[in-house]
Amino acid sequence: MATASYIKDPNDTDELLGCIPNLGAITEKIGDVVLDGDKTPKQWFLWMGIAFVTCLAFLYSVTVLLYYGVGVWGINIPVAWGFAIINFVWWIGIGHAGTLISAILLLLHQRWRTSINRFAEAMTLFAVMCAGLFPLLHMGRPWFFYWLYPIPNVAQMWPQFRSPLVWDVFAVTTYFTVSLVFWYVGLIPDLATLRDRSKNKIQKIAYGIFALGWRGSAIHWRRYEKVYLMLAGLSTPLVLSVHTVVSFDFAVALVPLWHATIFPPFFVAGAIFSGFAGVVVLAIPMRNWYGMKHLITRKHLDNCAKVMLATGMLVSYGYFCEVWMAWYSHATYETQTTYQRLFGPYGWSYWCLIFCNFIAPQVLWSKRIRYNDLALFIVSIIVLIGMWFERYVIVITLTREYLPSMWGRYAPTMWDWMLYIGTLGVFTFLFLLFLRFLPMISITEMRESLPKKGGGQDGHSIMENAP
Amino acid sequence: MSDHGHDEPQTYGMLAEFDDTDKLVSAIQKARADGYTKMDAYTPYPVSPVIDALGFPKSEMGPIMFIGGLIGAACGFLMQYWTQAVDYPLNIAGRPLISWPAFIPVTFEMTILTASLSGLFGMIALCGLPLYHHPLFNSKTFERASVDRFFLCIEADDPKFDKTGTMAYMSSLGPISIEEVPV
């Protein structure tokens, strides 16, 4: 009861589910946002406007890039990837929380995943789309992207399957496809609900097509649950493998501080860290704008904040380990590169990272902060910035490796920034479209969370133990 | 479906509407005990007692996805083996051509990909979806099967089915409404 004093809004609750009477009410609450255009909040239009303008900036920067080539970016030798790989890893890391919530928390029987899995999965899909753009555009001639796949071609050559870059292509495409399948399987019954409750012909046809004629038959449900559980089981190792492979892009290279076995777990922890920050950044405005405080409750935000705190400590342990290993190894280049990382020309970015990822999240130990929308939102934004700096620090290592004759400088250009900010716009644009046209919370799974007298199953989801 | 050759409209089955899963479960148990065999229930979310009461077996999805995954694993590995060691062998300082540890990540990703896709397409195919129309959609009350009502349908091809008898029988099961669903 001590927690109640932190909650000021009467609609707010720290239970998993606020006051919602029955199956009909929950369907109406979530479904009508989609079916009834009048329920769209004003802020949606404001942010859609901002996102639209940013999308135009994105299109402009891509056009300039394709016209002039990657020379418009700040990349050079030694920093050959620059912003492209920083942003790629940043975006894909954000995406990982969606899979973690929808798959790993399902396997772990965490009921609090239910209200947040749908939009977190949408976040995954859109983040992976943004991530994929960067390596694609970095190719210079993106229309030859299919060379990355083993498609028979006139050159009679194949991709080099011993290269982490090719592993990455397979990992990211698989990740996107499986995330889409998982998301869509979850959506099918909800689409059927929207079809049956549609208010006009267009809605009926559109949702009807994607619902595939789902009618909620018991034998269909039996298969459905099993597939859903199995997809969760498959996505769990998948999400870990994807970021492991992403870390191999670095760790397999012989660059000091990159060539480390800590990279895969360190990257996965960082991905979850930034991903949960992403979930919080999306959830706080959503629950306020759409009046969803009784569905996405304090409890959910609190749990997300705790996961952020835990993964933040894991990541900080990684930072400590890197420095410690450099000292303990007595390897000249490791030590020297670490010194350059901490106190070299880009040392400021390292201390930014330490502040954002280690110091700032410490405030989450306080329940008062975790229960305060604004404070939690700000901490999450700081974490997102910090995780961007983490990749920046890693990539900028290339300016100070081995011999001074290899040293260089790196500075992004305006086109780097415009493309990066452009992808933020693309993400926001897609996410807002998702909020408008698809149920942002899984209606089907929320029904099971209802109490028995409201027609639910007291939160017992059989997907957790599908036969 | 003109083999009956009668004037009367064809029936898909008799649809009973319930407002509670427990009532639906006991209705199913009673109907099965009384010899009805061809029936299905329709619920807005998966309710395991309902599925169990209908006597549906363990889902066949596990083996399908397992086999799908094995096919993906085999194809993924053989693809790499063939391209790197057979079709275009690159001798780099005499290193082994069949460098299988380096082939594991792609093999793994292919396993997950094919297992997932076989799950999606396997489920859709086994459920007979996508389906343009189904007789149950002729019923207006059935729209609530995806919202807040639980339905039991005894189908017309059940050997015990006859219109008046089955309707009278189903009304004894305590539904909110009963309806004959035309084909």
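Since every read-out is calculated from the coordinates, none of them should be taken as a lab result. What you see is a predicted model, and the numbers here were worked out from it, not measured in a lab. Because the Cβ atoms are built from the backbone with ideal geometry, glycine has one as well, and the counts that use them run over all protein chains shown.
Do you know which residues across the range B:139-171 are in contact (Cβ under 8 Å) with a residue 12 or more places away in the chain, of a type in the set (D, E, K, R), more than 9 Å from chain A (Cβ to nearest Cβ) and not in a helix (DSSP H, G or I)?
Matches in the range B:139-171: B:155, B:157, B:158, B:160.
Got a sec? Which of A:267, A:250 is part of a helix (DSSP H, G or I), of a type in the set (Phe, Trp, Tyr), closer than 21 Å to residue A:357 by Cβ and within 15 Å of the chain's Cα centre (by Cα)? Show your work before the answer.
Details: A:250 fails: within 15 Å of the chain's Cα centre (by Cα).
Residue meeting the stated conditions: A:267.
Return yes or no: is residue B:136 surrounded by 14 or more Cβ atoms within 10 Å (Cβ to Cβ), within 12 Å of chain A (Cβ to nearest Cβ) and over 30 Å from residue A:31 (Cα atoms)? Quick ask: steps written out before the conclusion?
Details: surrounded by 14 or more Cβ atoms within 10 Å (Cβ to Cβ): yes; within 12 Å of chain A (Cβ to nearest Cβ): yes; over 30 Å from residue A:31 (Cα atoms): no.
For residue B:136, the condition - surrounded by 14 or more Cβ atoms within 10 Å (Cβ to Cβ), within 12 Å of chain A (Cβ to nearest Cβ) and over 30 Å from residue A:31 (Cα atoms) - is not met.
Need the failing condition index for residue A:260 against (1) closer than 20 Å to residue A:440 by Cβ; (2) surrounded by 18 or more Cβ atoms within 10 Å (Cβ to Cβ); (3) touching a residue at least 24 places away in the same chain (Cβ under 8 Å), just the number.
(1)
Yes or no, residue by residue, for (1) surrounded by fewer than 19 Cβ atoms within 10 Å (Cβ to Cβ); (2) assigned to a loop (DSSP other than H, G, I, E, B); (3) without any contact (Cβ under 8 Å) to a residue 12 or more places away in the chain; (4) more than 7 Å from chain A (Cβ to nearest Cβ):
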| site | (1), (2), (3), (4) |
| --- | --- |
| B:30 | yes, no, no, yes |
| B:50 | no, no, no, no |
| B:82 | yes, no, yes, yes |
| B:104 | yes, no, yes, yes |
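For residue A:21, indicate whether it is within 14 Å of chain B (Cβ to nearest Cβ), surrounded by fewer than 17 Cβ atoms within 10 Å (Cβ to Cβ) and at negative phi. Give the derivation first.
Numbers: within 14 Å of chain B (Cβ to nearest Cβ): yes; surrounded by fewer than 17 Cβ atoms within 10 Å (Cβ to Cβ): yes; at negative phi: yes.
Yes, satisfied.
Could you list, ordered by first residue, the pairs with Cβ atoms under 8 Å in which the first is in the range A:33-46 and more than 12 Å from residue A:199 (Cβ to Cβ) and the second is of a type in the set (Phe, Trp, Tyr), at least 6 apart or interchain?
These pairs meet every condition: A:33/A:290; A:41/A:289; A:41/A:290; A:43/A:289; A:44/A:289.
Can we say residue A:253 is touching a His at 6+ places or on another chain (Cβ under 9 Å) and either without any contact (Cβ under 8 Å) to a residue 12 or more places away in the chain or aromatic (Phe, Trp, Tyr) (or both)?
Values: touching a His at 6+ places or on another chain (Cβ under 9 Å): yes; either without any contact (Cβ under 8 Å) to a residue 12 or more places away in the chain or aromatic (Phe, Trp, Tyr) (or both): yes.
In short, yes.
Each row is one residue, and each column tells you yes or no for (1) part of a loop (DSSP other than H, G, I, E, B); (2) away from chain B (no Cβ under 14 Å); (3) of a type in the set (A, V, I, L, M); (4) touching a residue at least 40 places away in the same chain (Cβ under 8 Å).
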position: A:384; (1), (2), (3), (4): no, yes, yes, yes
position: A:390; (1), (2), (3), (4): no, yes, no, yes
position: A:397; (1), (2), (3), (4): no, yes, no, yes
position: A:419; (1), (2), (3), (4): no, yes, yes, yes
position: A:456; (1), (2), (3), (4): yes, no, no, yes
position: A:460; (1), (2), (3), (4): yes, no, no, no
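Of the numbered conditions (1) touching a Lys or Arg at 6+ places or on another chain (Cβ under 9 Å); (2) under 30 Å from residue A:174 (Cα atoms); (3) part of a helix (DSSP H, G or I), residue B:72 satisfies every one except a single condition; which is it?
Answer for residue B:72: the failing condition is (1).
What are the residues in the range B:106-117 that are among the polar types (S, T, N, Q) and within 7 Å of chain A (Cβ to nearest Cβ), if any?
Quick first cut of the range B:106-117, residues among the polar types (S, T, N, Q) only: B:107, B:111, B:114, B:116.
Once the filter is applied, which keeps residues that are among the polar types (S, T, N, Q) and within 7 Å of chain A (Cβ to nearest Cβ), the range B:106-117 yields only B:116.
Could you list all residues from the range A:187-218 that are without any contact (Cβ under 8 Å) to a residue 24 or more places away in the chain and polar (S, T, N, Q)?
The answer is A:200, A:217.
Tally the residues that are among the small types (Gly, Ala, Ser) and closer than 30 Å to residue A:29 by Cα, restricting the search to the range B:142-173. Give the derivation first.
The first filter runs over the range B:142-173 and keeps only residues among the small types (Gly, Ala, Ser), leaving B:145-146, B:156, B:165, B:168, B:171-172.
After this cut, where a residue has to be closer than 30 Å to residue A:29 by Cα as well, the list is B:145-146.
Qualifying residue count for the region: 2.
Does the range A:161-182 hold any residues that are more than 8 Å from every other protein chain (Cβ to nearest Cβ), surrounded by fewer than 21 Cβ atoms within 10 Å (Cβ to Cβ) and either under 30 Å from residue A:24 (Cα atoms) or more than 28 Å from the chain's Cα centre (by Cα) (or both), and which are they?
Hit for the range A:161-182 is A:180, nothing else.
Yes or no: the range B:86-99 includes at least one residue that is in contact (Cβ under 8 Å) with a residue 60 or more places away in the chain and either within 9 Å of chain A (Cβ to nearest Cβ) or crowded, with 16+ Cβ neighbours inside 10 Å (or both).
Here is the first cut: in the range B:86-99, the residues in contact (Cβ under 8 Å) with a residue 60 or more places away in the chain are none.
No, because not a single residue in the range B:86-99 is in contact (Cβ under 8 Å) with a residue 60 or more places away in the chain and either within 9 Å of chain A (Cβ to nearest Cβ) or crowded, with 16+ Cβ neighbours inside 10 Å (or both).
Looking only at residues that are charged (D, E, K, R) and within 12 Å of another protein chain (Cβ to nearest Cβ) in the range A:188-210, which one is farthest from residue B:43 (Cα to Cα)? Talk me through it step by step, then tell me what you get.
Step one: filter the range A:188-210 for residues charged (D, E, K, R), giving A:190, A:195-197, A:199, A:201, A:204.
Those still in the list that are within 12 Å of another protein chain (Cβ to nearest Cβ) too: A:190, A:195-197, A:204.
Values: A:190: 13, A:195: 15, A:196: 13, A:197: 15, A:204: 20 Å.
Per the stated criteria, the residue is A:204.
Given the residues A:436, A:447, which is the only one that is more than 10 Å from every other protein chain (Cβ to nearest Cβ) and assigned to a helix (DSSP H, G or I)?
Just a single option satisfies the conditions, and that option is A:436.
Under 8 Å by Cβ, and 6 or more places apart or on different chains, what pairs join a residue from the range B:55-71 that is facing another protein chain (nearest Cβ under 7 Å) and closer than 11 Å to residue A:223 by Cβ with one that is in a helix (DSSP H, G or I) and basic (Lys, Arg)?
B:56/A:222; B:59/A:222; B:59/A:223; B:59/A:226; B:61/A:223; B:61/A:226; B:62/A:226
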